[in-house]
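One structure below.
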Amino acid sequence: MWYFKSFTKIAAILFLSGAVIHFSRIAGIITPPAVPIWISWHIMILSLYCGPGFTIFRSRISFRNALERTVTIVIAVILIASIILHFYRIITGSTEVFRFFPMWYSYASVVIMTGFSVVCYRLKLKPVPGE
């Protein structure tokens, strides 16, 4: 139970941090070549912690509707893709992989990642008899 509570809350913080990073890109505070490697390390480690949880607990998550179920699947896919993307960045030491994402992606990410963080924060487990 503690893992469920922690990975959903950490995922909420991770997505909110992603929204801040993308907002910083929009504001011109940070650009892909200037992204410190420690950011990729943090994102990869936290995604490794959170990503599997959405798969492990998918049958125990109490979804309020089909949209929440679909969004949670998208969240899991994004976390797993994020692991791969940031691992590549760490191994190569290059930020060229981030140039693939156009500026409109950052505008969309601010809104979408904020929404994802709300969904992650509000997820609940189905009650299990005997717990």
The condition of being among the basic types (Lys, Arg), outside any loop (DSSP other than H, G, I, E, B) and in contact (Cβ under 8 Å) with a residue 24 or more places away in the chain holds, among ARG99, ARG69, only for ARG99
Which of the following residues is touching a residue at least 12 places away in the same chain (Cβ under 8 Å), more than 19 Å from PHE101 (Cα to Cα) and under 14 Å from the mean Cα position of the chain (by Cα): PHE7, PHE15?
PHE7
Scan of region 33-51 for residues that are surrounded by 16 or more Cβ atoms within 10 Å (Cβ to Cβ) and in a helix (DSSP H, G or I), ordered by number:
SER40, ILE43, MET44, LEU46, SER47, TYR49, CYS50, GLY51
Looking at region 102-131, which of its residues are of a type in the set (A, V, I, L, M), in a helix (DSSP H, G or I) and closer than 29 Å to ARG64 by Cβ?
ALA108, VAL110, VAL111, ILE112, MET113, VAL118, VAL119
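Every read-out reported here was derived from the displayed coordinates using simple, explicitly stated rules and does not represent laboratory data. What you see is a predicted model; the values in this text were computed from it and never measured. Every residue, glycine as well, gets a Cβ built from its backbone with ideal geometry; the counts of neighbours run over all protein chains shown.
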